[in-house]
1. Could you check, for region 160-168, whether at least one of its residues is of a type outside the set (S, T, N, Q), surrounded by 14 or more Cβ atoms within 10 Å (Cβ to Cβ) and under 30 Å from Ser122 (Cα atoms)?
2. Check Ser199, Ser185, Ser173 and return the single one that is in the same structural domain as Glu118 (by TED's automatic domain parsing), buried (at least 17 other Cβ atoms within 10 Å of the Cβ), on the phi < 0 side of the Ramachandran plot and of a type in the set (Ser, Thr, Tyr).
3. Could you pull out every one of the strands (runs of 3 or more DSSP E) wholly within region 58-144 that has 3 or more residues that are within 30 Å of the chain's Cα centre (by Cα), surrounded by fewer than 17 Cβ atoms within 10 Å (Cβ to Cβ) and at pLDDT 85 or above?
4. Using beta carbons and a limit of 9 Å, which pairs, at least six apart or on different chains, have the first residue in region 168-190 and free of Cβ contacts under 8 Å to residues at least 40 places away in the same chain and farther than 22 Å from Tyr139 by Cα and the second one loosely packed, with under 13 Cβ neighbours inside 10 Å and among the aromatic types (Phe, Trp, Tyr)?
5. So Tyr163 fits all but one of (1) touching a residue at least 24 places away in the same chain (Cβ under 8 Å); (2) outside any strand (DSSP E or B); what number is the exception?
Amino acid sequence: MAQMEMVEFGVEQGQMLQVLMRHCQTMKRQETRLRLATALLLTAFLATSLWLQFHSNTSTDSFAGAHTEALKAKKTHKRQSVHLEPKSKSSPEKQLLEWYWRNESPYLDNFNLKNATELHISKKGLYLINLKMSYRIAYGQCQDNTDKIMTLEVNVTQEHSNYEGERVILKGSESMLCSEYWLQSMTLSRPIMLEDNSSLRVRIKKDNFKFVSWSETTYLDVTYL
């Protein structure tokens, strides 16, 4: 009986030893594969780092070159803007608004205000035109026309040697109720390419003049883009 138990114990010990040896062999193979995978990952990482560094340097050089060119272009292009406000003595007979400089910029070589009614553009280019017209009906201006609907009209015109007479480049029309103390405004805006030596004027209907609000809420802005 004792011998049988010893034999069985020896068999079990042998089997355990075989299992342990197979486990060690498996671990060695996994360790070898892990080392190989780690080496491959490190190689790929180094290659990717070198590629990114190369392209980063190339992009930086390209950006620096483009930035330098942009700075050169900016030095040769001066963005200029004028802000004009109307004079209350504008002539209804001529249907022209007269303007004055609200604030002069140190760079106004693109603009010249002639006869208070004509904004002269000396340089060809893209310009943004903003016109705001404000209207106010004072006491007594609508006593005979209570609840009458009026039409407000305003045009910005351009005159140039390429065109026959003036051409309308910006136009606005709105209805207004003729009621005492009524307030209303009209805003027009447009980017437009203008030829050099162009002249801009603002024309409104003759019967609209008495309703114009001669204040800073009425203005003409022209910006060279």
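The values are calculated or read from the model by the stated rules, or taken from the named source; none is laboratory data. Please read all numbers here as calculations on a predicted model, not as lab measurements. Cβ coordinates were reconstructed from backbone atoms using ideal geometry, including for glycine residues, and neighbour counts include every protein chain displayed.
1. Within region 160-168 (the criterion being of a type outside the set (S, T, N, Q), surrounded by 14 or more Cβ atoms within 10 Å (Cβ to Cβ) and under 30 Å from Ser122 (Cα atoms)), the answer is yes, since at least one residue qualifies.
2. Selected residue: Ser199, the only one of Ser199, Ser185, Ser173 that is in the same structural domain as Glu118 (by TED's automatic domain parsing), buried (at least 17 other Cβ atoms within 10 Å of the Cβ), on the phi < 0 side of the Ramachandran plot and of a type in the set (Ser, Thr, Tyr).
3. Hits in region 58-144: 125-136.
4. No pair meets every condition.
5. Result: Tyr163 fails condition (1) only.
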